[in-house]
Every structure is written in C-alpha cells, then in structure tokens.
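Novice: Following this message is one structure expressed as structure tokens.
The values are calculated or read from the model by the stated rules, or taken from the named source; none is laboratory data. Quick caveat, the model's predicted, so the values are computed rather than measured. Virtual Cβ from ideal backbone geometry, glycine too; neighbours counted across all protein chains shown. We work out accessible area using only protein heavy atoms, side chains counted, and drop any ligands, DNA or RNA first. Shrake-Rupley method; radii C 1.70, N 1.55, O 1.52, S 1.80 Å.
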Amino acid sequence: MSSFPDVRLRRFRRTAPLRGLVRETRLALDQFVMPLFVAPEPLANEALPGMARYDVDGLVREVGSLAAAGVRAVILFGIPAEKDEEATGAWEDDGIVQRALRALRPRFPELVLVTDVCLCEYTSHGHCGIVVDGEVANDRSLELLARTAVSHVEAGADVVAPSDMMDGRVAAIREALDDHGFEPTPILAYSAKYASAFYGPFREAADSAPAFGDRRGYQMDPANVREALRECELDVAEGADAIMVKPALPYLDVIRAVREAFDLPVAAYNVSGEYAMVKAAARAGWLDERQAALESLTAIRRAGADLIVSYWTRDLPAWLTSS
C-alpha cells in the first residue's frame, strides 16, 4: 500500500463540495420521526421546546407546520386528564391520543402517524403495566396493551410502537391487530429499551415518573448487550416489523450489534436527556447546538439506525438545507 507523499487523504477534505462527494453517512428528513405530546391542556416548555404539551387544536397546528416544512412522520404520546389503576385513558375510545389521531388523520393523509403504546402515562402509579401486590404483573398487562394498540389503529394510527418492555407484548398486539382486521399495520417494537438515566426530561413532559420504585424490573440493565440481541430476536419472532434501541447515543454499540444481527429496519430513539444536554451546553455557550446535534444524529445513523426518533426533527428542515 502506497503512503505519503503519494497518498494524501486530505485532497477530498479541501472544500465542502469535495467533502460532500465522498460522504459515507447522510441525513435525510424522511429518516426522522418527531415526538409530540398531547394533553387536555397545553403546557409550554421554553427550555426544551421539543417537550411542550399541546392540546388537540394546538397539536393540529404544530403538525401542520411540521408537515409544511417536510417532516414525514410523528409519534404521539398522550397525557390524560385523569389516571387510574387500569390505565383506562390508554385504550378508551375518547382517550387523548385517540382524539388526536381522529383530528390529524383526515387533515394529513400522507403523514405517518406512529403511536407509543404503553401504560405509564395513564396509570396512577406511573408504571408501564398493571401493578398487583406491589409488582408489575406482566401477563395481566398484555391485554390492556393490545387493547390500546387496537384503539390507536381504529382512530387512524399507521404504526404502533410498544415501549412497555413486557414479555410477550409484541405477540399479544399482533394477534389483537390481526383479529380486528389490521394485518397491514406494522409494529415498531422498543425491543432494547434500557433503564436509563437519560429519560428525565421526558418523564416530566409526559408526567410519567413512577410513584414508587423504578423500572429496572422490566427495562434492560445498561450493562447488557447480548440480552438486547435476545430481546430483539424474540420480538422479531413474535411479529415485530421493526425494532428499536433506546436511548441512542450511550448505546451506539448496541445499535451496531442489532444492525449486524437483523435484516429488518432498526430504529433508535435520541432521547430527551441527550437533547437536553446539548440544549443546556448551547445555552451556556459551550458548543454550537446545530453542529453538535447533526454530529450526534450522524453518529446514530453511522452506527446502523435506519430511522431516528428525535426532538431535533423540527429543526432539521432548516438545518439540512443549509448544511
């Protein structure tokens, strides 16, 4: 192999057009999903605008702006007016997400509407399943998760994304969807969802912090990657059409391992803590938000993610056209 001075790798780094010609990993708007929070009452978030809550009318306006800018997909999280032990607001016909879907679907027929399927925002205790004798009851939770998914699709969802980490929930949701005539609806499973410290801002925005204990009994241990592959393998066997790793940046090695092991689409969630850290550092003048965000998102794509859920999706139309 030849070496310097014959080989000069800087030749293609000299100008932006030259760098663009040989760029290996690219960001495109249709690879991104914007998370949105819908609630009976709006709640602004000046520090983290990606985590504001919208009422249904405000959500329609926000989605209109996103769609006009070129955003292709959103994922909805609901915060109900009332919570109870059975997470009734997650699956009832007039739940907040169901109302939002019925408002959005006819107005934005080309937009991909994804819904988060979980119970934590709707339970009075804040856990992702039904609690029995102080423990999250895996099998009793499956029926309610399946009912929630069906109710979302009936209201207009294109994709359902179970994030609860109950064993067997993909199979339960797949069976319920098929029984109701929704065989074409894909399931995007949060297959490797870790018990992470990076969810803090989300839990505040979604009002979903557990009232007791934590979620380490069902979300994954951050130390494990082989277990993540087993989780993905089981979800694929149960009928998942795409699989997700969450969080993204602290788990780039997991994204890469999942990408190499499976041929179906791989998603990654660029979570609230990752977003908040860059926002805080940018406000302090320590780094440039746009450059840091694009570098972070490129790293997630480079690791192997086909699609990314990110609060920066709102900014990408302007950022990508100026990059």
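Novice: Does ASP306 satisfy being under 20 Å from SER191 (Cβ atoms) and under 18 Å from the mean Cα position of the chain (by Cα)?
Specialist: Yes; evaluated as a whole, the condition is true for this residue.
Let's see how each residue does on (1) within 24 Å of ASP164 (Cα to Cα); (2) basic (Lys, Arg); (3) open to solvent by 10 Å² or more (accessible area, probe 1.4 Å):
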position: LEU43; (1), (2), (3): no, no, yes
position: GLU46; (1), (2), (3): no, no, yes
position: MET51; (1), (2), (3): yes, no, no
position: VAL63; (1), (2), (3): no, no, no
position: GLY70; (1), (2), (3): no, no, yes
position: ILE75; (1), (2), (3): yes, no, no
position: THR88; (1), (2), (3): yes, no, yes
position: GLY95; (1), (2), (3): yes, no, no
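Novice: Could you check the stretch 224-239 and list, in sequence order, the residues that are within 21 Å of VAL136 (Cβ to Cβ) and not in a helix (DSSP H, G or I)?
Specialist: Across the stretch 224-239, the qualifying residue is only ASN224.
Novice: If you check PHE212 against the conditions, is it open to solvent by 30 Å² or more (accessible area, probe 1.4 Å) and either modelled with pLDDT under 95 or not in a helix (DSSP H, G or I) (or both)?
Specialist: Judged against the criteria, PHE212 is a match.
Novice: Tally time: how many residues in the stretch 75-94 are touching an Asp or Glu at 6+ places or on another chain (Cβ under 9 Å) and part of a strand (DSSP E or B)?
Specialist: The total comes to 4.
Novice: Ok, one more. Starting from residues that are out of contact with any strand residue (DSSP E or B) (no Cβ under 7 Å at 6 or more places or on another chain) and open to solvent by less than 40 Å² (accessible area, probe 1.4 Å), keep the ones in the stretch 140-163 and report whichever is nearest to ALA67 (Cα to Cα).
Specialist: So the residue we want is ALA155.
Novice: Within the stretch 259-303, how many residues are in a strand (DSSP E or B) and touching a Lys or Arg at 6+ places or on another chain (Cβ under 8 Å)?
Specialist: Selection size over the stretch 259-303: 3.
Novice: Taking the stretch 138-163 only, how many residues are closer than 19 Å to ILE243 by Cα, modelled with pLDDT of 95 or more and in a loop (DSSP other than H, G, I, E, B)?
Specialist: The number of residues fulfilling the criteria is 2.
Novice: On to the next question. Out of curiosity, is ALA137 surrounded by fewer than 24 Cβ atoms within 10 Å (Cβ to Cβ), small (Gly, Ala, Ser) and touching a strand residue (DSSP E or B) at 6+ places or on another chain (Cβ under 8 Å)?
Specialist: yes
Novice: For the stretch 167-197, which positions are in contact with an Asp or Glu (Cβ under 8 Å, 6 or more places away or on another chain) and aliphatic (A, V, I, L, M)?
Specialist: VAL170, ALA171, ALA172, LEU177, ILE187, LEU188, ALA189, ALA192, ALA195
Novice: More than 19 Å from PRO250 (Cβ to Cβ), open to solvent by less than 50 Å² (accessible area, probe 1.4 Å) and not aliphatic (A, V, I, L, M), is that true of GLU274?
Specialist: Here the answer is no, as GLU274 does not meet what is asked.
Novice: Right, here's the next one. In the stretch 216-246, which residues are small (Gly, Ala, Ser), open to solvent by less than 50 Å² (accessible area, probe 1.4 Å) and over 16 Å from the mean Cα position of the chain (by Cα)?
Specialist: Scanning the stretch 216-246 gives ALA228, GLY239.
Novice: Here's another thing I want to ask about it. Mind listing whichever residues of the stretch 164-177 are in contact with a helix residue (DSSP H, G or I) (Cβ under 6 Å, 6 or more places away or on another chain), assigned to a helix (DSSP H, G or I) and open to solvent by 30 Å² or more (accessible area, probe 1.4 Å)?
Specialist: The one that is in contact with a helix residue (DSSP H, G or I) (Cβ under 6 Å, 6 or more places away or on another chain), assigned to a helix (DSSP H, G or I) and open to solvent by 30 Å² or more (accessible area, probe 1.4 Å): ALA171.
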